Amino acid sequence: MSSHIRTALSRTLMSMAAVAAMTLASTASVTAKEYRVGTIVPAGHLWNKAATSMGEKLQERSNGEVTVSLFPAGQLGDESQMVQQLQTGALDMAFLTIADVSNRVPEFGALYAPFLVDNVSQANEILSGPTAQGLLELLPKKMGVVGVDYGIATMREMMSTQPVETIDDLKGKKMRITPFKPFRDFYTILEIAPTPMPLPDVYDALANGQVDAIDIDPELILNFKLYDRAPHLLLTNHAMFPMVGLVSGRVWAGMSEEERDMVATAMRESLAELRQQYAEAEPEMIEEIRATGIEVKPVGPEFFPGVVEKWEAMWSEQKPTIDALREEASQLQ
Ligand code: BEZ
């Protein structure tokens with residue numbers, strides 16, 4: 001072997017050793033791990049795509065050491081069961097609505113103050129603001145989970161099997177709601193019977209007359225073709241619908257600083273992408289619903305006289321949080 005080939009070979013070996021040492025150093029405190037992530041939303045929903053994107057980031061940044069297995073559509077149980085699993089460490093992470101969270105930590109109910117924001121873009125601003133971010137800090141102590149950041153879904157609307165001229169047309173009628181107190185209170189004030197129901201039951205409940213109307217969002221109207229069963233959409237935008245990215249407190253406690261940073265960064269980035277996607281997709285979804293030919297009627301807070309004041313009176317214990325959110329919302333365009 002000539003001397004320059006020997007020199008080149010030894011340089012190659014040295015640089016391979018250096019790369020190996022650097023790789024070892026960068027993954028030294030990242031243990032090989034498969035994280036389990038749960039959601040209640042159906043396959044194809046944007047929340048699941050965000051969870052998948054988070055998994056891809058983690059896999060890439062850990063050189064394949066860290067992977068994510070997604071359990072969508074409530075495969076691991078409803079949100080309350082998933083929260084229990086997060087608390088014991090049986091589940092590593094979840095992308096959850098704030099329904100169960102606000103049942104356990106009522107401060108989060110303030111995020112559902114009626115007519116707080118007009119659209120997803122404004123909702124995203126509020127969720128990135130100091131009040132909403134401050135709420136996340138309550139979670140480790142009050143719920144045993146780490147709240148990394150928020151996602152979002154499209155705004156809440158009402159769909160009815162019958163035309164609605166005034167809100168009185170819905171009085172005494174059964175309205176499907178996501179099972180949690182802020183929405184229950186909203187409809188109770190309006191003298192509409194709130195009927196808690198998980199998503200997979202909604203289509204059949206409309207078909208068999210179990211409910212007359214539904215509290216729902218545009219993405220799910222399209223996903224489940226709900227316009228076939230309830231051809232009257234009141235475009236109310238009466239509440240935003242945040243999601244929260246959670247990590248089990250126990251699992252978090254067992255992670256190195258490096259793992260925490262990697263997980264939190266990947267989750268935060270995927271949730272930020274998701275919020276942006278919804279801001280862009282919301283108007284397109286509404287157009288797609290209009291194109292089905294059903295009645296689409298935009299209505300504002302004046303359609304629901306007195307509801308904001310009465311809801312805030314019912315939620316007076318959370319007044320400081322509600323006032324702070326409304327103050328931040330008043331600064332938005
Ligand atoms: C709902 O219950 O309406 C719902 C649940 C998860 C995501 C979006 C909406």
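All of the numbers you see were taken from the coordinates with simple rules; none came from a lab. For clarity, every value in this text was computed on a predicted model and none was experimentally measured. We place every Cβ from the backbone using ideal geometry, glycine too, and count neighbours over all the protein chains shown.
The table below lists the values:
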quantity	calculated
Mean separation of Cα contacts under 8 Å (6+ apart) over length of the chain, as relative contact order %	24 percent
Asp228-Lys297 FRET efficiency (beta carbon distance; Förster radius 22 Å; 0.05 resolution)	0.75
Residue-wise HN-Hα coupling along segment 70-79, computed from phi with Karplus coefficients 6.51, -1.76, 1.60 (Hz; x: Gly, Pro)	9, 10, x, 6, x, 4, 9, x, 6, 5
Charge tally in the Cβ shell below 12 Å around Ala94, where Lys, Arg are +1 and Asp, Glu are -1, Ala94 excluded	-3
Flagged links, alpha-carbon separation over 21 Å, of Lys33/Lys57; Lys142/Lys181; Lys142/Lys319; Lys181/Lys310; Lys181/Lys225	Lys181/Lys225
Order by protection proxy (mean Cβ within 10 Å, highest first), peptides 274-281, 145-152, 255-262	145-152, 274-281, 255-262
Nitroxide proxy distance, nm - points 7 Å out along Cα→Cβ at Asp323 and Gln133	2.3 nm
Size descriptor, Kirkwood hydrodynamic radius, that averages inverse alpha-carbon separations across segment 107-254, Å	16.5 Å
Segment 114-233 - percent relative contact order, Cα under 8 Å, separation 6 or more	29 percent
Net charge contributed by nearby residues that have their C-beta within less than 14 Å of Pro320 (K/R +1, D/E -1)	-4
Most mobile of Asp185, Asp169, Asp217 in a GNM of the chain (Cα contacts under 10 Å)	Asp169
Amide proton proximity set for Val68, modelled H, under 5 Å, gap of 5+	Tyr35
Top positive-direction residue, dipole computed over segment 178-333 with Cβ charges, set Pro198, Gly300, Met267	Pro198
Neighbourhood charge, 15 Å Cβ-Cβ cut-off, centred on Val263 and excluding it, Lys, Arg +1 and Asp, Glu -1	-4
Dipole-positive endmost among Gly134, Thr188, Gln84 within the chain (Cβ charges, Cα centre)	Gln84
Additional length obtainable on full extension of the chain from Arg268 to Gln59, 0.36 nm per residue less Cα span	73.7 nm
Segment 147-224 versus segment 238-256: alpha-carbon centroid distance in Å	26 Å
Two-site FRET efficiency, Leu332 against Glu258, from Cβ-Cβ distance with R₀ of 41 Å, rounded to 0.05	0.65
Long-range HN-HN contacts of Val145 with modeled amide H, under 5 Å	Gly249
Test item: Cα-centred dipole of the chain, Lys/Arg +1 and Asp/Glu -1 on Cβ, debye	1100 debye
Size of charge dipole - segment 259-330 - debye, nearest 20, with Cβ of Lys, Arg +1 and Asp, Glu -1, no other charges	200 debye
Three semi-axes of the equivalent ellipsoid, the chain, Cα gyration tensor, whole Å, largest first	44, 21, 18
Cα Rg over Rh - segment 286-333, Kirkwood	1.17
Given charges at beta-carbon only (K, R positive; D, E negative), |dipole| of segment 110-254 in Debye	560 debye
For Arg176, distant residues with modelled amide H under 5 Å away	Thr195, Asp212, Ala213, Ile214, Asp215
Label point distance in nm, Gln162-Ala43, each placed 7 Å from Cα along Cα→Cβ	3.9 nm
